[in-house]
Amino acid sequence: MTTFTSSNDLRRPGTAFALRAVQVVTLLALVAIGIGPLYWTVKGAVSPPTEMVTNPLRLWPAEPELGNFARAFTDLHVGRYLANTVTVVIGSWAVQLLVAMTAGFAFAVIRPRFGRYVYGAILATMFVPYTVSLVSLFLTVLEVNLLDTYWAIWLPAGANAFNVLLATRFFEALPQELYDAAKVDGASTWQLLTKIVLPMSRPVVAVISLLAIMHSWKEFIWPLVVISDPNLQPISVALANLVDSAPQDELIAAMAMALAPPVLVFLVLQRYVVAGLGFTGVKG
Amino acid sequence: MTALLERPATTEPVVVASRRRQAGLRRELLGLLFLAPALVVFGIFSWWPILRGLLISFQQTNLVDPVVWVGLENFQAVLSDPLVGKAMANTLLFVGLGLVIGFPAPIVLAAVMSTVRRFAGVYRVVVYLPVVVPPVVAILLWKWFYDPGTGLFNQLLGLVGLGPYPWLQSPQTAMLSLVLEATWAGMGGAALIYLAAMTGVPAELYEAAESDGAGIWRRIWHVMLPQLRPVIGLLLLLQLIGTIQVFTEPYIFTQGGPDGATLTVLLLIFRYAFQDGQYGQAAALSVLLAIVLAVLSAVYLRLTRSWSTK
């Protein structure tokens, strides 16, 4: 840890005070913009509708009520949408992990001669964000009859070049002697994968999992395009559709429930998220 | 089977050559087996759609009638549509405002955070919190805050005698309102990346500058910022690539309104395809967008490479 301030600076009382003041003001501002909106959501969710109109700035309602959460479940079917989201996330995660690990193993360990052309073709897709092939991807999914099924989200999620890059780089960095030693012991390729490579892959599995789960929980535009059946929609798409019809207090309760899972997961895993950000360089 | 994994030797005895060849074939097959998931998924859901998007941009198709090749007609139709010019100008406005408002903020935040010793973890968690809020939820929350009457922002500004402001309801302020939310949502990730880069600056550089009599500001300006230049360049490009594709904000906040003030390129592509059924025109506009993004991505990859080999 280095920084531009030195211990000499901090011995000057004026500088030390100014620095401390800037740090405190920044923390207060961060709390206001980072925690403030989340707090306001919870407050809004437990406020009676009349109070939100008559006294919108009150910090906590005089008579908080939990009824909005219950009504969001029964009237808005938030539970079903959350379950749909979990289904989307788990499937996308599994496909991404399968594709990245098998491809990384093939490129880095098996090393077939045609491998580098495939690797190049996969990395080349990083130049084309999926939003620009949104229309043709939709037409393809339509033709293979996957519209309104979760496969329409799961399978395209697997076509993630960055995951393949991460897995390949990771397997390449494992010591080559490991593979040689396993060969001397007469291990088959399958044993090499399951007994040697996978047990050592926990860091890269963790990073790919984290990116996959965070990304697919936030995904909006693609599920919006391919899932039109309201019974199958994940919570993001459902909320966007409910916004004009649902009562505001129930909607805010539904939003509180939609943001609670990712926020709680982040708070539990924050060390790994912050470290993962460093590992991947730039992907959020 | 284990022989599959041997690296090909440069000189090999003739006797084992044929066995090696056989092993080589088995390695290719085994590679194919393990690459099968990637080949299927990338083939159907990435390579083919990219190629097909290019083809559709020269075709007329409505999913019912047979496909007709129309040459450059789609591109002509798109470029003569006044909405396209408007969408491009709006997208540039979003990108530009995003740079002015959103680009310096995480650098300043990270600089302050790098001086913090106690509670450094608290800063990092709080700064990243907005990033984990699902975009749709974040936008709906902000839409509620922007409410001209009972919304949080006008209520708070009213306390100090400002406003009320129309925020999303006026063509003059709608785009700014979108940018403010997008900045809030994206700032945390960039701040943590800058922070990691700042704490990696060698301490000797600061010590040398200080012994030459450089004060704090000059150490920031002449030592820290030059050291950060590669990271600043990368995040600048990433932000450009990300903001050019803006969709969710205008779709949920304003549906492109008021009066087309927040109609962006991707929103227009979405409308062409999924409201008007004009897949050819949607694909043509996508190709134009893809060219811009591919150029930016190429610059980005070049930068990453020169950065990582340094």
message: For the pair B:Gln169/A:Leu142, report the inter-label distance in nm, with labels modelled 7 Å from Cα in the Cβ direction.
response: 3.8
query: Can you tell me the Rg and Dmax of the protein assembly as shown, counting just the alpha carbons, in angstroms?
result: 26.5, 92
statement: When the charge dipole of segment A:166-209 is computed with +1 on Lys and Arg Cβ and -1 on Asp and Glu Cβ about the Cα centre, the Cα farthest towards its positive end, among A:Val197, A:Leu178, A:Val207, belongs to A:Val207
message: Full-extension gain between A:Leu10 and A:Tyr39, please, as 0.36 nm times their residue separation minus the C-alpha to C-alpha distance.
response: 6.9 nm
message: Just to be sure I understand: with springs between alpha-carbon atoms less than 10 Å apart, which residue in B:Val127, B:Val246, B:Val137 has the highest mean-square fluctuation in the Gaussian network model of chain B?
response: B:Val137
- request: At 0.36 nm per residue, minus the direct Cα-Cα distance, what do B:Thr150 and B:Val64 gain on full extension? Give it in nm, one decimal, please.
  value: 26.1 nm
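For chain A, what does -39500 (n - 2.57) per DSSP helix run (n ≥ 4), summed and divided by total residues, give at 222 nm, in deg cm²/dmol to the nearest 500?
On the way: 15 runs with 193 residues, N = 284.
Estimated from H runs of four or more residues: -21500 deg cm²/dmol.
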- request: With springs only between Cα atoms under 10 Å apart, run a GNM on chain A and tell me which of A:Ile33, A:Ile221, A:Ile122 wobbles the most.
  value: A:Ile33
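Where the eigenvalues come from the Cα gyration tensor of chain B, what are the semi-axes √(5λ) of the equivalent ellipsoid, largest first, in whole Å?
Values: eigenvalues 361, 273, 63 Å².
Working through the eigenvalues yields semi-axes of 42, 37, 18 Å.
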message: Using +1 at the C-beta of Lys and Arg and -1 at the C-beta of Asp and Glu, which of B:Leu29, A:Asn241, A:Ala161 has the Cα lying farthest in the positive direction of the dipole of the protein assembly as shown?
response: B:Leu29
- request: Can you find, among B:Ala138, B:Phe247, B:Ala196, the residue farthest towards the positive end of the dipole of segment B:74-308? Put +1 on the C-beta of Lys and Arg, -1 on that of Asp and Glu.
  value: B:Ala196
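For B:Arg20 and B:His222, what is the calculated FRET efficiency with R₀ set at 60 Å and r taken between the beta-carbons, to the nearest 0.05? Display every interim value, and only then the final one.
On the way: r = 59 Å, r/R0 = 0.99.
Here the calculated transfer efficiency is 0.50.
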- request: Please report how far the C-alpha centroid of segment B:40-115 lies from that of segment B:276-307, rounded to the nearest whole angstrom.
  value: 7
query: Shielding of A:100-107 by partners, i.e. mean partner chain Cβ atoms within 10 Å per residue?
result: 5
field: Diffusion constant of chain A at 37 °C, which comes from Stokes-Einstein with the Kirkwood Cα-pair radius and 0.692 mPa s, µm²/s
entry: 144
statement: With a ≥ b ≥ c from the Cα gyration tensor eigenvalues, square-rooted, and the rule rounded for a/c under 1.5, otherwise prolate when a/b > b/c and oblate otherwise, segment A:173-284 is prolate
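Of the peptides B:77-85, B:270-278, how do they stack up when ordered by the mean number of other Cβ atoms within 10 Å, highest first?
Packing order, densest peptide first, comes out as B:270-278, B:77-85.
What FRET efficiency comes out for the pair B:Thr304/A:Ala21, r = Cβ-Cβ distance, R0 = 56 Å, nearest 0.05?
Working: r = 38 Å, r/R0 = 0.68.
Efficiency, rounded to the nearest 0.05: 0.90.
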query: Label B:Leu54 and A:Trp190 with points 7 Å out from Cα along Cα→Cβ: what is the distance between them in nm?
result: 4.0
task: Find the eigenvalues of the gyration tensor of the Cα atoms of segment B:116-233, then list the square roots of 5 times those eigenvalues as equivalent ellipsoid semi-axes, largest first, in whole angstrom.
output: 38, 17, 14
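Apply the a/c threshold of 1.5 to the C-alpha gyration tensor of segment A:1-117 and tell me whether it is rounded, prolate or oblate. Let's see the in-between values first.
Details: a/c = 5.66, a/b = 1.12, b/c = 5.05.
Here segment A:1-117 falls in the oblate category.
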Listed residues B:Phe75, B:Phe34, B:Phe253, most fluctuating in chain B (Gaussian network, C-alpha, under 10 Å): B:Phe34
field: Inter-probe distance in nm under a simple model that places probes 7 Å from Cα toward Cβ, at A:Thr87 and B:Ala89
entry: 4.6
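None of the figures in this text is laboratory data; all of them are computed from the coordinates on show. Being a predicted model, the structure only gives us computed values, none of them experimental. Note: ideal-geometry Cβ built from the backbone for every residue, glycine included; neighbour counts use all protein chains shown.
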